[in-house]
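Structure record follows, encoded as structure tokens.
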Amino acid sequence: MAMASEGGTVGAAVAGDAVANNEETHNEDAHIIDGSAPTEQADTQQEEDIKGWGFSDPRLRPFVIISITYLLFTVTDGAIRMIVLMHAYNKSFSALEVAVMFTLYELAGVFTNLAAGMMGARWGIRLTLIMGLCLQIFSYGLLFGWKDDWSKETAIVYVTIAQMFAGIAKDLTKLGGKTVTKLVTPEGKDTRLFHLVSLLTGWKNSLKGVGYFLGSALLEVNYELALAFMMGLIVVAMPFAVFGLDKDLGTAKKKNASLKEIFVFDNYNLNVLSLARLFLFASRDFWFEVPLPFYLRSPDCQALGPYYPCLPEDEGSCTRGTVCDPDFEYCTSVNTGGGCGGPGLGRVVVGAFLGGYIILYGQVQSWTPQLVTGPLNQTPPNKMTEVFWGMINCYPTLIAAVVVYASEAFRQYQLNSMIAWLVVIIVSFAVIFAINSSIHSFLVVKYAKADKVAVSVGFYYMSNALGRLFGTLGSGFLYTYAGGDVENVPGYDPGSNGRLGLAACFLAGTLSSFLAAIITIWIKDEESGFKCRNWTIIEGKEQTEESSEDENIIPQMEIPRTIGDDKADIPC
């Protein structure tokens, strides 16, 4: 399942071990850990057994129940970000202030990943799933208390705390979604069941994009309606977890991993990959989560101020992204002082932009082995595969930075060309970033071969959340201050230049992608070399006995897609 996830959790790792123990599936895990291949007879027997599996089969029922719950929750997780961001934009919060609102949401992932895994292994996945759903309802309930007459400082503190509970809820709920596949994934890699698991896990990520769109669309109708609708989805999901799962699902029979064991950083390759992961996810969040929606919502700088009079009773007297100020009777930005220079798109269209990116990202991530690395003869991937795709990951944001900063389309405000460029940039980055994330998801399992997964990958999964936190805060600062103040609007202060701010954020994303690729070079994994279809670009080094054993750990890239990974998630 890692291949279809934006980010993973240590919880997934711990509970994954626990599931293997509780369900006595040591033989299944042994083929992953020690590289031994199942016999042809076992494969044939397994295929015959699986043919009769259906959704009512007891062996598949936990996966189906948790998948339904996780699918519904994922929609609400995507929606809450857009509801908060778009509502804050209309209340004239700056990009940096909105980024601060998301800090505890991201930071919660660093610590919840650890606690959730140990809780799941001790008390079962059912408990962590129910706790996550309850905290999500609590978070949405807190957002009902956000008052219009509060000061900005009060609102930022309140919403940040509410978002913290949503972040905890996300990782508690994600634990079940990312570990239950161990219960239903057989030894065979090309079974009907495996393809079902891969398809469903890809849709889990993509439905977060649906949540982005739904949150924006419902907010356009009413803030309270948007919150209530999403709370209703969680209420619908709750009975599946409460009544459909065994309370001992995922509990460990052997000693659980301790925090002291998790923080042992003796796996060199995994630690280097973790550092690269931090910058990889920052490369996206430097421009995606806050700057892009702010820019898309911001109006034309030349359509603001006293030179653009309007009638308060005439809703069409101002252009996109602007409103008529009833006191001065001229057009002002929806977000006073929040910047200008963008296309001034509505909330629903902005939600579609961001939601479309996440849906595309999730689907490409699911099918990367079949559509990309497999045909290019890069499966299973190694560090050179990731360095190659990591460098390619720099191009969309680098081109975006140059185009947004210097092209006539953006400098002369040619609206159709601006939107066309943004669509091309978003689609290109989504595809390339998904490939990188998929390769990372494989490599983390490969490099964690020698130890308990929970002990090995603690820093890796925390770095995923830290990368998002670093990118989100950095993006808020850059977008707010890098563009400088707009001085060519007489008699009106629209705030910063959104075009220059977005260009700076794209440049920061490029540098972050470059660092992630360079750091990956330090990994010690040169045995397979690097190929592109029938051409050998870099010859592999002679394998030692130890490295040969490593190559047999996971012989096919598809396997991690059913073990657990994001971004988001993981994706993230």
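Numbers below:
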{"read-out": "Cα-Cα over 31 Å, subset of 152/204; 91/208; 152/208; 170/524; 208/524", "value": "152/204; 170/524; 208/524"}
{"read-out": "Estimated FRET transfer efficiency (residue 138, residue 111; beta-carbon r; R0 22 Å; 0.05)", "value": "0.80"}
{"read-out": "Separation in nanometres of the label points that stand 7 Å from Cα toward Cβ, at residue 90 and residue 315", "value": "1.2"}
{"read-out": "Mean Cβ neighbour count within 10 Å, used as a protection proxy, ranking 62-72, 137-147 highest first", "value": "62-72, 137-147"}
{"read-out": "Accessible heavy-atom area order of 297, 411, highest first, probe of 1.4 Å", "value": "411, 297"}
{"read-out": "Per-pair calculated FRET efficiency, R0 = 25 Å: residue 371 and residue 391 via Cβ, rounded to 0.05", "value": "0.80"}
{"read-out": "Relative contact order computed over segment 273-367 (Cα-Cα under 8 Å; 6+ residues apart), in percent", "value": "29"}
{"read-out": "Options 372, 295, 339, ranked by Cα towards positive dipole end of segment 293-404, top entry (Cβ charges)", "value": "372"}
{"read-out": "Extension gain from residue 268 to residue 149, taking 0.36 nm per residue of separation minus the Cα-Cα distance", "value": "37.6 nm"}
{"read-out": "Neighbourhood charge, 15 Å Cβ-Cβ cut-off, centred on residue 345 and excluding it, Lys, Arg +1 and Asp, Glu -1", "value": "+2"}
{"read-out": "Extension reserve of the residue 225-residue 412 stretch, reckoned as 0.36 nm per residue once the Cα distance is removed", "value": "63.4 nm"}
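The values are calculated or read from the model by the stated rules, or taken from the named source; none is laboratory data. All values derive from a computational prediction rather than experimental measurement. Glycine gets a Cβ as well: all are built from the backbone with ideal geometry, and neighbour counts include every protein chain shown. Only protein heavy atoms, including side chains, enter the accessible area calculation; ligands, DNA and RNA are left aside. Shrake-Rupley method; radii C 1.70, N 1.55, O 1.52, S 1.80 Å.
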